[in-house]
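The values are calculated or read from the model by the stated rules, or taken from the named source; none is laboratory data. Quick caveat, the model's predicted, so the values are computed rather than measured. Cβ coordinates were reconstructed from backbone atoms using ideal geometry, including for glycine residues, and neighbour counts include every protein chain displayed. What goes into the accessible areas is simple: the full protein's heavy atoms, side chains included, and nothing from ligands, DNA or RNA. Shrake-Rupley method; radii C 1.70, N 1.55, O 1.52, S 1.80 Å.
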Amino acid sequence: MRLFEATHVFKHDWETVSLASWRKYPNENTPHVRHVEVLNQEVDADTGVLRTERLIMVQQGVPALLRKLFGGDASYVLEYSEVDPRQRTLEMQSQNMTYSNLLSVGEHIVYKPHPEQPQHTTFTQSAELKACGAMFRLATKIEDVCWNRFNDNAHIGRLGLEQVLSKILAERQALTKVPQ
């Protein structure tokens, strides 16, 4: 089993970063994310917490031999999220659905205001990658390769979110310049 952890501070307020997170896909930095489908979404009337379940289609560059053995390079990830506007947190948990009998990837992400600079947002990301079943004998090698790809994709994902943040800020600026 390999663990991945990363922390990043976005120099934007929590509301803007949370909005950008919802608008993150599609973007040119993450072409491997092909489609996002909202399966369920509800707001708790008492707490105001927004709960969402999404199915994400990802197309990774899988070696030809694995494509032949396991049938393609498209995979699906199930994501659960909660936005708590009172606590100002966005928490996301995801788990791969495809090939999970061979490799389990569970991810946990939290966005919240930075404790010392509340106008900034702290992003924490952790993931557990674990080779299973028939892949167990090659577990360390497979986990290392997957950890490296996860690390690369995490960096690319942060760049994509920064790109969306720039678009949101440009939209806001354009709206403030609209003649009344």
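State the number of residues belonging to the range 98-130 that are among the small types (G, A, S) and surrounded by fewer than 16 Cβ atoms within 10 Å (Cβ to Cβ).
The first filter runs over the range 98-130 and keeps only residues among the small types (G, A, S), leaving 100, 104, 106, 126-127.
After this cut, where a residue has to be surrounded by fewer than 16 Cβ atoms within 10 Å (Cβ to Cβ) as well, the list is 106, 126.
Number of matching residues: 2.
Show the residue pairs that are 6+ apart or on different chains and have beta-carbon atoms under 7 Å apart, the first residue being within the range 151-177 and farther than 27 Å from F4 by Cα, the second being of a type in the set (G, A, S).
What qualifies is I168/A20.
Out of R34, R2, I need the residue that is more than 16 Å from I156 (Cβ to Cβ) and open to solvent by 30 Å² or more (accessible area, probe 1.4 Å). Which one?
On the way: R34 fails: more than 16 Å from I156 (Cβ to Cβ).
Being more than 16 Å from I156 (Cβ to Cβ) and open to solvent by 30 Å² or more (accessible area, probe 1.4 Å) holds for just one of R34, R2, which is R2.
For the range 5-25, check the following and say yes or no: at least one residue is closer than 16 Å to C146 by Cα and either surrounded by fewer than 17 Cβ atoms within 10 Å (Cβ to Cβ) or touching a His at 6+ places or on another chain (Cβ under 6 Å) (or both).
Of the range 5-25, the ones closer than 16 Å to C146 by Cα are 5-6.
Okay, now just the ones that are also either surrounded by fewer than 17 Cβ atoms within 10 Å (Cβ to Cβ) or touching a His at 6+ places or on another chain (Cβ under 6 Å) (or both), so 5-6.
Within the range 5-25, one or more residues are closer than 16 Å to C146 by Cα and either surrounded by fewer than 17 Cβ atoms within 10 Å (Cβ to Cβ) or touching a His at 6+ places or on another chain (Cβ under 6 Å) (or both).
What is the residue count in the range 22-53 for residues that are out of contact with any strand residue (DSSP E or B) (no Cβ under 6 Å at 6 or more places or on another chain) and at pLDDT 95 or above?
Of the residues in the range 22-53, 5 are out of contact with any strand residue (DSSP E or B) (no Cβ under 6 Å at 6 or more places or on another chain) and at pLDDT 95 or above.
From C132, C146, which residue is touching a Ser or Thr at 6+ places or on another chain (Cβ under 8 Å), closer than 25 Å to V77 by Cα and either acidic (D, E) or at pLDDT below 85 (or both)? Show your work before the answer.
Numbers: C146 fails: touching a Ser or Thr at 6+ places or on another chain (Cβ under 8 Å).
Exactly one residue qualifies, and that residue is C132.
When you go through (1) over 30 Å from L19 (Cβ atoms); (2) open to solvent by less than 30 Å² (accessible area, probe 1.4 Å); (3) in contact with a helix residue (DSSP H, G or I) (Cβ under 7 Å, 6 or more places away or on another chain) one by one for E143, which number turns out not to apply?
(3)
Mind checking which residues of the range 83-120 are aliphatic (A, V, I, L, M) and within 20 Å of V9 (Cβ to Cβ)? Walk me through it before giving the result.
We begin by selecting, within the range 83-120, every residue aliphatic (A, V, I, L, M); these are 83, 90, 92, 97, 102-103, 105, 109-110.
Hits for the range 83-120 are V83, L90, M92, I109, V110.
Give the residue that is farthest from P115 (Cα to Cα), with candidates limited to residues of the range 72-97 that are open to solvent by 30 Å² or more (accessible area, probe 1.4 Å) and among the polar types (S, T, N, Q).
Here the residue is Q95.
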